[in-house]
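K.L.:
Pasting a structure below so you can have a look.
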Amino acid sequence: MTETLETPASHRRVRVWFGAHPIADHTATAEQAAQYEEAMRRRFASLRVTSEPVLVDRDRMAERGR
């Protein structure tokens with residue numbers, strides 16, 4: 001059995017949609033993403049705003065820490 005390199009992290013991806021087209025795309029920690037999502041909902045009240053969990057690659061996170 002192989003072990004997956006991706007693990008659920010406390011990061012979220014927030015997007016603002018104009019129809020089927022994302023016009024803003026932001027990934028941040030869960031706390032920062034919640035603030036960004038709230039701000040985008042106020043700014044773009046008539047557009048769809050989504051927030052999804054992001055899988056973070058352990059190897060990439062380790063490389064960033066170097």
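K.L.:
Kindly establish whether Ala45 is modelled with pLDDT of 95 or more and assigned to a loop (DSSP other than H, G, I, E, B).
P.N.:
Spelling it out, Ala45 is indeed modelled with pLDDT of 95 or more and assigned to a loop (DSSP other than H, G, I, E, B).
K.L.:
If the Cβ limit is 6 Å and pairs must be 6+ apart or interchain, which residue in region 14-42 that is among the polar types (S, T, N, Q) pairs with which residue that is part of a strand (DSSP E or B) and at pLDDT 95 or above?
P.N.:
Taking only residues 6 or more apart or on different chains, the pairs are Thr27/Arg13.
The values are calculated or read from the model by the stated rules, or taken from the named source; none is laboratory data. Remember, it's a predicted structure, so these values are computed and weren't measured experimentally. Reconstructed Cβ throughout: ideal geometry from the backbone, glycine too, with neighbour counts over all protein chains shown.
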